[in-house]
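> Encoded as structure tokens, here's the structure I'll be asking about.
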Amino acid sequence: EVDVSKLVIQRTQTPGQLKKEEELVFGRTFTDHMLAIEWTAGKGWSAPRITPYQALSLDPATCVFHYGFSCFEGMKAYRTSSGELRLFRPEKNMDRLSTSSARIALPPFDPKAMVECISRFVALEEKFVPKKRGYSLYLRPTMIGTQPTLGVGPPGSALFFVIASPVGPYYPSGFKAVSLEATSKFVRAWPGGTGDKKLGGNYAPCIVPQQEAAKRGFQQNLWLFGEEGYVTEVGTMNLFTCWINKDGVKEIVTAPLDGTILEGVTRDSILALAREFLTKEGWIVSERKYTIKEMAEAADEGRLLEAFGAGTAAVVSPLRRIAWDGGVGGTQRDINIPLQKGKEAGPIAERIWKWMEERQYGDVETSWSVHV
Ligand code: COI
């Protein structure tokens, strides 16, 4: 097992510093150090090491390059207004990484021990955690197979590492509502597939569809599934829709975890917050299948209230418009999503975002916010 008491720290000789918040581009700059733990079949996990941030040296035959033995996490460290550091639901991320890892024959680990190592790493990188609201230290735990042979089989060696990047808004355009192109031409995930795991291999195939959408002026794809046009995810995020449903009831809905949906930590948090606060105001909170046709009908009947993406990187990402080809035998049309006058979000997205931030930055104490 990973033994935190054996953690070795080798400090950098050339310390850097945090850039001005306004200059931060998502995932562009990194902190002084990285965390690494090696695994070998038979021997298990080596002592965790924090070293200066540095290039990896890997044999060109290493299985990660050929067969995609790679999975990762996205999580964040926040600075509270009193200056303390917090991780947001880190065990959720480590639990998910262990599930992703198991799916591609990478080694098991104790999620709690990994959280402890990450916490020690974040403490060392303290000065890189921004103060400003909307800013945080994005952490990228990654697990790769490192066996340097071309036979296709379970890797006999692996590397877990964590790098960290101070970040602000995910999109280069800043905190702005985005427009989407709904697509059935490309399929992100399917039953029995691996779209519900955070594998590196799930992300590369999304770039060409995104480039195609970008040519027509859309920031992201809305991923549909099947002839029915089930609404699944948006870009790399889970998706929430708020509407007055066909029974005339206010409903906030997201696709269910049926094996085609990534089990987002933000998704889970938003569901919990919606159940806590919105149900008191007459909302129902649903995890169920729904279609793009139902969204279009709701828009036509003035029942579509809001839609937004939800993920660790952007937290909440409001949508303004979806272009849809109309499905089988249908015609191209736009689904317009209301925003508040002069704002880049609807009222529910805005409130949920605030509830999330209050907990992430520790204004409201919850068991989600873990002290570093
Ligand atoms: C997220 O946090 O929403 C993501 O999955 C984005 C990440 C792959 C950069």
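Quick note: the coordinates plus some simple rules give every number you see, no bench work behind them. Note that the structure is a prediction, hence the values are computed from the model and not measured. For neighbour counting, all protein chains shown are included, and Cβ atoms are generated from backbone atoms with ideal geometry for every residue, glycine included.
> Could you check the spin-label model distance between ASN245 and LYS20? Points 7 Å from the Cα along Cα→Cβ, value in nm.
4.9 nm
> Restricting to DSSP loop positions (anything but H, G, I, E, B) with no more than 10 other Cβ atoms inside 10 Å of their own Cβ, which GluC sites (Glu not before Pro) remain in the range 1-42?
Passing sites in the range 1-42 are GLU1.
> Taking the Cβ of each residue in ILE352, ILE335 as the centre, tally the other Cβ atoms inside 10 Å and list the residues starting with the fewest.
ILE335, ILE352
> Another question about this same structure. Can you run phi through the Karplus equation (6.51, -1.76, 1.60; θ = phi - 60°) for the range 359-372 and list ³J(HN,Hα) in whole Hz, with x for Gly and Pro?
Residue by residue, the range 359-372 yields 7, 5, 8, x, 5, 10, 7, 9, 5, 5, 9, 9, 4, 8 Hz.
> Let me ask something else about it. Normalised radius of gyration for the range 150-247, please: alpha carbon Rg relative to 2.2 N^0.38 Å, two decimal places.
On the way: Rg = 17.0 Å, N = 98, 2.2 N^0.38 = 12.6 Å.
So the Cα radius of gyration is 1.35 times the expected 2.2 N^0.38 Å.
> I've got another one for you. In angstroms, what radius of gyration and Dmax does the chain have, counting Cα atoms only?
Reported Rg and Dmax, both Å: 21.2, 64.
> Tell me which aspartates and glutamates have Cα within less than 13 Å of LYS354's Cα, excluding those fewer than 8 residues away on the same chain?
Within reach: ASP363.
> From the convex hull of the Cα coordinates of the range 216-288, what is the mean projected area in square nanometres?
If you wrap the Cα atoms of the range 216-288 in a convex hull and average its projections, you get 6.0 nm².
> What residue among LYS343, LYS132, LYS76 shows peak mean-square fluctuation when the chain is described by a Gaussian network model with Cα springs under 10 Å?
So, out of LYS343, LYS132, LYS76, the one fluctuating most is LYS343.
> Under 17 Å Cα to Cα from LYS197, which lysines show up? Leave out anything in the same chain fewer than 8 places away.
LYS92
> Take the chain, connect every pair of alpha-carbon atoms lying under 10 Å apart with a spring to form a Gaussian network, then pick out the residue of ASP268, ASP95, ASP59 with the largest mean-square fluctuation.
Highest fluctuation among the options: ASP59.
> With contacts defined as alpha carbon pairs under 8 Å and 6 or more residues apart, what's the relative contact order of the chain in percent?
Over the chain, the number comes to 18 percent.
> Test of understanding: ordering ASP3, ASP334 by Cβ neighbours within 10 Å, fewest first, what list do you get? Write down the numbers at each step before the final one.
Values: ASP3 15, ASP334 12.
Least to most surrounded, the residues fall as ASP334, ASP3.
> Enumerate the lysines that LYS293 could reach by cross-link, defined here as Cα to Cα under 20 Å, with residues fewer than 8 away along the same chain left out.
LYS185, LYS246, LYS250
> Still on this structure: Sorted from largest down, what three extents in whole angstroms do the Cα atoms of the range 241-372 have along their principal axes?
The principal-axis extents, from largest down, are 55, 36, 28 Å.
> Roughly what percent of Cα-Cα pairs across the range 308-354 reach past 16 Å?
49 percent
> Springs between alpha-carbon atoms under 10 Å, Gaussian network over the chain: tell me which of GLY282, GLY309, GLY342 tops the mean-square fluctuations.
Most flexible of the set in this elastic network: GLY342.
> When the Kirkwood hydrodynamic radius is evaluated over all pairs of different C-alpha atoms of the range 123-174, what value in angstrom, to one decimal, is obtained?
It is 13.8 Å.
> When the Karplus curve 6.51 cos²θ - 1.76 cosθ + 1.60 is applied with θ = phi - 60°, which whole-Hz ³J(HN,Hα) does each residue of the range 138-152 get, with x for Gly and Pro?
7, 10, 10, x, 9, 10, 10, x, 10, 5, x, 9, 8, x, 8
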